[in-house]
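Every read-out reported here was derived from the displayed coordinates using simple, explicitly stated rules and does not represent laboratory data. Given the structure is predicted, the values throughout are model-derived calculations rather than measurements. Here Cβ is always computed from backbone atoms with ideal geometry, including for glycine, and neighbour counts include all displayed protein chains.
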Amino acid sequence: MIISETNNALIEYKNLLEFCKTLSYKKNDVRLEFFKFMRSVLGRFYIGFANMDFVKEINDKRLCADIIQNSENYKNLVSICFVDEKYQTYFHDLSRQFIIDSWSVFELTVTQLLDSLLDENSKNEFLNKEYNQIKSILVENDFVEKEKVFKLLKNGGLKKDHITHQPITRRYDKLFSIIKINYQREIIKDKEFLKFLGAFRNGLHYNFVYSGNNFEFKLRDLNFKFINNDLIRVPDKPWELEVVHELIEICKEIFKCIDNKFIESKLITPPNKGCI
């Protein structure tokens, strides 16, 4: 299974690399940066599996055992890779970081797209819809301490100053509302997938423990089950690459629906050193 997943991760990485060569976005465009970040995320996932394969081949005496058999690093890698408890922990860490990193890139990209696509009036309406509704009610009624209430509402977080202060569900809902006319995939299904992935990502922050309403999600032949205050049930076969592939395909379609104008990225470009 390890070798198979290593090969699949490498194939996915190479496919994305070839796809990036077909893009015509200008340097520092948000959409180009998304694919560069995802390429890096896929590369790290591949390296994680490749390390396991490499150590296994060394341990099976197929690779330069005479050179490295006295290496402390080699001995430590073997102790991690071939002790069941540590072995499972290693793969859980790979999976967790892969999904969290992928979701983080998606979330930052959606935020920057919205920040560029919304004019100031639309942005203010999006950020402060609830605040403005309450403010309107207070203004229309005679209320002695209304200014104090305004201040409490603002300081309490209802008054928002940046798109990142809105939940990610609202952010991608707003983005879909802008591009829906040209969107060729099924928006409802893609929103369901993003809702699933967001819940998944949140659960991974708590070591695969999910909190919320019970639900199940199916991605092709992969079944996921979420039970409140319990471990997330994942398929008994590799699922990580399928999930991230779906996220990338959704983003490809989103990007196609946006006018081909330059949208400057404010993402921090990954350093060249150590990146695949």
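In this structure the amide hydrogen of residue 257, modeled in the peptide plane, comes within under 5 Å of no amide hydrogen from residues 5 or more places off or on another chain. Each other residue within a Cβ distance under 10 Å of residue 217 adds +1 if Lys or Arg and -1 if Asp or Glu, for a net charge of +1. For the range 23-36, putting each phi into the Karplus relation 6.51 cos²θ - 1.76 cosθ + 1.60 with θ = phi - 60° gives couplings of 7, 10, 5, 6, 4, 6, 5, 3, 5, 5, 5, 4, 5, 5 Hz, in residue order, rounded to whole numbers and with x for Gly and Pro.
Peptides 26-34, 216-224 ranked from most to least packed by the mean count of surrounding Cβ atoms within 10 Å: 26-34, 216-224. Rounded to the nearest Hz, the phi-derived 3J(HN,Hα) couplings of the range 90-105 under the Karplus curve 6.51 cos²θ - 1.76 cosθ + 1.60 (θ = phi - 60°) are 4, 5, 4, 5, 4, 5, 4, 5, 4, 6, 4, 5, 4, 5, 4, 5, where x marks glycine and proline. Relative to the current alpha-carbon distance between residue 23 and residue 249, full extension at 0.36 nm per residue lengthens the span by 79.9 nm.
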